[in-house]
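Colleague: Here's a structure for you.
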Amino acid sequence: MTTGVLVMAYGTPASADDVEAYYTHIRRGRPPTAEQLEDLRSRYNAIGGLSPLRRVTEAQRDRLATALGDSFCVELGYKHASPFIEDAVATLPDDVIGVVLAPHYSRGSIGEYVERLGHPTIESWHDLPEWIEFQAAAVRSELEALPARTAVLFTAHSLPERVLAGDRYEDELTTSAGAIAARAGLDDWALAWQSAGRTPEPWRGPDVLEAMTDLDADSVLVCPQGFTADHLEVLYDLDIAAKQHAEKLGIAFARTPMVNDDATVLGALAERLRSLSR
Ligand code: FEC
């Protein structure tokens, strides 16, 4: 019997014409103002027009499908773009399991994917040894080219304080950052948050820009552990905005590479899916 696997991810506009509909979906049906839309378009333009996220997510799905083999039927379902989770699951056999391409659980983020799928789902995989080793190796390798006084910041997407009350998101982020730091031999590191929404309510901080301002160091290395792919939040918020901020502060800036379609990490994630299907 074939098991259906829904690989879930955030999604990105398929073309420049889709940016407004995408942004409206993220805002739960409230269209953005002309100014907000222009701001988002200008960020996509700054990273080359559109995000590489669709291509990378498809490559991640392909890796998982290859590792899982013929007794699994693997499809992609997006939170904010087509094919949406609900449409993709309808194409799968009755027996379905899921995974989200983001390593840490929070009710306000992964919880929504899990609820929309309505089938057994790996809620979090921040403890996957192969993923921890990938991040630790990336940190070690970047540090080789950086000054001795380099501060390491582990970042993840911020969420509103309202959503995080009683949530395990920060605990999981602290646990995985500690495990990566231990494997990389770091004694000094901190958590920071990034990409907070443009809304008046309080979002979890410190934001990465604020955390950089407070550092007593010659350079900063950012490890965006909360994401798996090259996309807007990494290519713009870190590689452009945080880098410019570092220049203003007079410190060097570097960022660890993303997992993308790394065969070892996705092979290990496929094994977790296999265990969930048993
Ligand atoms: O490359 C791309 O085209 C898409 C990159 C992208 C990823 C991503 C991941 C996460 N988000 C999370 C939470 C929120 C909350 C809001 C929010 C808003 C946006 C906007 C864009 C956007 N997010 Fe996103 N997110 C990405 C892109 N995100 C664009 C809208 C404009 C802006 O604020 O920049 C606020 C919604 C609201 O206004 O009510 C909350 C979380 C993740 C990581 C987990 C995951 O991947 O699902 C959490 C990638």
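Colleague: Give me the number: length gained by fully extending residue 182 to residue 249, i.e. 0.36 nm times residue separation minus the C-alpha to C-alpha distance, one decimal in nm.
Modeller: Taking residue 182 through residue 249 to full extension adds about 21.3 nm, to one decimal.
Colleague: Taking the alpha-carbon set of the chain, what are its Rg and Dmax in Å?
Modeller: 18.7, 60
Colleague: From the backbone phi of the range 69-80, what are the Karplus-calculated ³J(HN,Hα) couplings (6.51 cos²θ - 1.76 cosθ + 1.60, θ = phi - 60°) in whole Hz, Gly and Pro given as x?
Modeller: x, 6, 7, 10, 10, 10, 10, 9, x, 9, 6, 10
Colleague: Beyond 19 Å, what percent of the Cα pairs of the range 49-169 remain?
Modeller: 61 percent
Colleague: What is the dipole size for the chain, taken about its Cα centre, with +1 at each Lys and Arg Cβ and -1 at each Asp and Glu Cβ, in debye to the nearest 20?
Modeller: In total the dipole reaches around 220 debye.
Colleague: If you take every DSSP beta bridge fully contained in the chain, what fraction is antiparallel? Give it as a percent rounded to 5.
Modeller: Bridges in the chain are about 5 percent antiparallel.
Colleague: Moving on to the next point. Short version: ³J(HN,Hα) in whole Hz for each residue of the range 187-195, in order, from phi by Karplus 6.51 cos²θ - 1.76 cosθ + 1.60 (θ = phi - 60°), x for Gly and Pro, what are they?
Modeller: Values, residue by residue: 10, 10, 7, 8, 8, 9, 10, 9, 6 Hz.
Colleague: Could you grab the relative contact order for the chain? Cα pairs under 8 Å, six or more apart, rounded to a whole percent.
Modeller: Over the chain, the number comes to 23 percent.
Colleague: Most exposed first by the Cβ proxy, i.e. fewest other Cβ within 10 Å, how do 272, 54, 30 rank?
Modeller: Ranking 272, 54, 30 by Cβ neighbours within 10 Å, fewest first, gives 30, 272, 54.
Colleague: Using the number of other C-beta atoms within 10 angstrom as an exposure proxy, rank 189, 131 with the fewest first. Before the final figure, lay out the partial values.
Modeller: Details: 189 18, 131 24.
The fewest-first ordering by Cβ neighbours comes to 189, 131.
Colleague: With a point put 7 Å past each Cα toward its Cβ, work out how far residue 21 is from residue 86 in nm, to one decimal.
Modeller: 1.5 nm
Colleague: Multiply the residue separation of residue 145 and residue 162 by 0.36 nm, subtract the distance between their alpha-carbon atoms, and state the gained length in nm to one decimal.
Modeller: Going from the current span to full extension adds 2.1 nm.
Colleague: Something else: Can you give the charge dipole size of the range 70-207 about its Cα centre, rounded to the nearest 20 debye, using +1 on the beta carbon of Lys and Arg and -1 on the beta carbon of Asp and Glu?
Modeller: 500 debye
Colleague: Name the helices (complete DSSP H segments) of the chain with a Cα length along the long axis of 15 Å or more and a Kyte-Doolittle mean of at least 0.5, or state none.
Modeller: 263-277
Colleague: For the residues 212, 258, 8, 1, what sequence is obtained by ranking on other C-beta atoms within 10 Å, fewest first?
Modeller: Result, fewest neighbours first: 1, 258, 212, 8.
Colleague: While we're on this one: Have a look at 147, 8, 67 and report the one farthest towards the positive end of the charge dipole of the chain, computed about the Cα centre with Cβ charges (Lys/Arg +1, Asp/Glu -1).
Modeller: 8
Colleague: Return, ordered by residue number, the residues of the range 54-97 whose backbone nitrogen is under 19 Å from a label point located 7 Å along Cα→Cβ of residue 239.
Modeller: Only 54-60 fall inside the zone, counting backbone N under 19 Å.
Colleague: How do 59-66, 86-93 rank on mean C-beta neighbours within 10 Å, highest first?
Modeller: Highest-to-lowest ranking by the protection proxy: 59-66, 86-93.
A short reminder: the numbers here are calculations on the coordinates, not readings from a lab. Predicted model only: the values in this text are computed from it and were never measured. We place every Cβ from the backbone using ideal geometry, glycine too, and count neighbours over all the protein chains shown.
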